[in-house]
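The values are calculated or read from the model by the stated rules, or taken from the named source; none is laboratory data. Bear in mind that the values here come from a model prediction, so they are computed numbers and not experimental data. Cβ coordinates were reconstructed from backbone atoms using ideal geometry, including for glycine residues, and neighbour counts include every protein chain displayed. Areas reflect the complete protein model, heavy atoms only, side chains present, ligands, DNA and RNA absent. Shrake-Rupley method; radii C 1.70, N 1.55, O 1.52, S 1.80 Å.
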Amino acid sequence: LQKTLILLQVALSVVVGKTLMILFPNAMKRYILKLGEKSRMNKNPKFRYENWGPTFFSFKYLLFVLKVKWTRLEDEAFEGHPAPNTPVVTLNGEVRHLLDFMRDNRPLILNFGSCT
């Protein structure tokens, strides 16, 4: 049910966005450039609006947003419920899932750190 609601929400936003891009191209360009400022995309001089702006609200955009949102559904953790089985990357670059590391009844301990 959640995936269906997300599909409807994203599809509606793509249809509305694409329609607005056709009706008001300059206003939508300013809006998309504002989004680029927030993510600092516009700081890269080789990354021009003409390269990425028109891809907003395309079919590829729809599929990408759906994939990200559907993947995030699996990442939610709630007290008293099973742990999410999120994808992780090993030191060898292999993609596995978190619960792949469980062994019998032993607890799985995650240690997060940083190197500076």
Item to check | Cα long-axis angle, helix 25-38 against the chain (0 to 90 degrees, to the nearest 10) | outcome: 30 degrees
Checklist entry - What chymotrypsin sites (Phe, Trp or Tyr not before Pro) in region 1-81 are in a loop by DSSP, with at most 10 other Cβ atoms within 10 Å of the Cβ? => result PHE78
Checklist entry - Among the listed pairs LYS46/LYS67; LYS38/LYS67; LYS18/LYS67, which are separated by more than 25 Å between their Cα atoms? => result LYS46/LYS67
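Which is the longest run of the chain containing none of the trypsin sites (Lys or Arg not before Pro) found in DSSP loop states (not H, G, I, E, B) with at most 12 other C-beta atoms within 10 Å? Mind showing how you got there, number by number?
On the way: sites that count: ARG40, LYS46, ARG48, ARG103.
Between exposed loop sites, the widest span is 49-102.
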Checklist entry - Highest GNM mean-square fluctuation, the chain, Cα pairs closer than 10 Å: which of ASN44, ASN92, ASN26? => result ASN92
Checklist outcome for this item: Quick calc: nm separation of the 7 Å Cα→Cβ label points for TYR61 and ILE22 -> 1.4 nm
Checklist entry - Kirkwood hydrodynamic radius (Cα pairs, Å) of region 3-116? => result 17.8 Å
Checklist outcome for this item: Once normalised by the length of the chain, the mean sequence separation of its alpha carbon contacts under 8 Å that are 6 or more apart gives a contact order in percent of 19 percent
Checklist entry - For ILE109, what accessible area in Å² do you get when you roll a 1.4 Å probe over the heavy atoms of the protein chains, rounding to the nearest 10? => result 140 Å²
Item to check | Karplus-derived HN-Hα couplings along region 85-100 (A = 6.51, B = -1.76, C = 1.60, θ = phi - 60°), whole Hz, x at Gly and Pro | outcome: 9, 6, x, 9, 10, 6, 4, 7, x, 7, 8, 10, 10, 3, 6, 5
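What accessible area per residue, rounded to a whole number of Å², is obtained for the chain using a probe radius of 1.4 Å?
86 Å²
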Item to check | Within the accessible area of region 18-75 (1.4 Å probe), percent carbon and sulfur | outcome: 61 percent
Next on the checklist: On a full-extension model of 0.36 nm per residue, what is the gain between TYR31 and VAL88, subtracting their alpha-carbon distance, rounded to one decimal in nm?
Outcome noted: 17.1 nm
Item to check | Magnitude of the charge dipole, the chain, Cβ model with Lys/Arg +1 and Asp/Glu -1, debye to 20 | outcome: 720 debye
Checklist entry - Once both axes come from the Cα atoms, what is the angle between helix 59-73 and the longest principal axis of the chain, in degrees from 0 to 90, rounded to 10? => result 30 degrees
Checklist entry - So what's the net charge close to LYS43: Lys and Arg +1, Asp and Glu -1, counting the other residues with Cβ under 15 Å from its Cβ? => result +4
Checklist entry - When only DSSP loop residues count, what GluC sites (Glu not before Pro) in region 7-109 have their Cβ near at most 16 other Cβ atoms within 10 Å? => result GLU74, GLU76, GLU79, GLU94
Checklist entry - Taking only DSSP H segments of four or more residues, each worth -39500 (n - 2.57), what value at 222 nm results for the chain once the sum is divided by all its residues, to the nearest 500 deg cm²/dmol? => result -15000 deg cm²/dmol
Checklist entry - If one takes the longest principal axis of the Cα atoms in the chain, at what angle in degrees, from 0 to 90 and to the nearest 10, does the Cα axis of helix 2-23 lie? => result 20 degrees
